[in-house]
Amino acid sequence: MNDHRTSAHTGTVYVAQRRLAVGMTLGALAGVVWTVAMICTLVSWMF
């Protein structure tokens, strides 16, 4: 019975960690896109 409870809990933690990893990846990607857009904007203002 303890094994069943532990595996159900572990599965829940795994799903939460996976969602967190996906969210952090999307956030990092958005940051990179924003940075590239700002650099392109600044470069276009110079010329």
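Structure values in brief
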item: Hz values of 3J(HN,Hα) by residue in region 14-25 - Karplus curve (6.51, -1.76, 1.60), Gly and Pro given as x; result: 4, 5, 5, 5, 5, 5, 5, 5, 5, x, 5, 5
item: Phi-based couplings in Hz for region 39-44 (Karplus 6.51, -1.76, 1.60; Gly and Pro marked x); result: 5, 4, 5, 5, 5, 5
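Each value in this text was obtained by applying a stated rule to the coordinates, not by laboratory testing. Quick caveat: nothing in here was measured; it's all calculated off a predicted structure.
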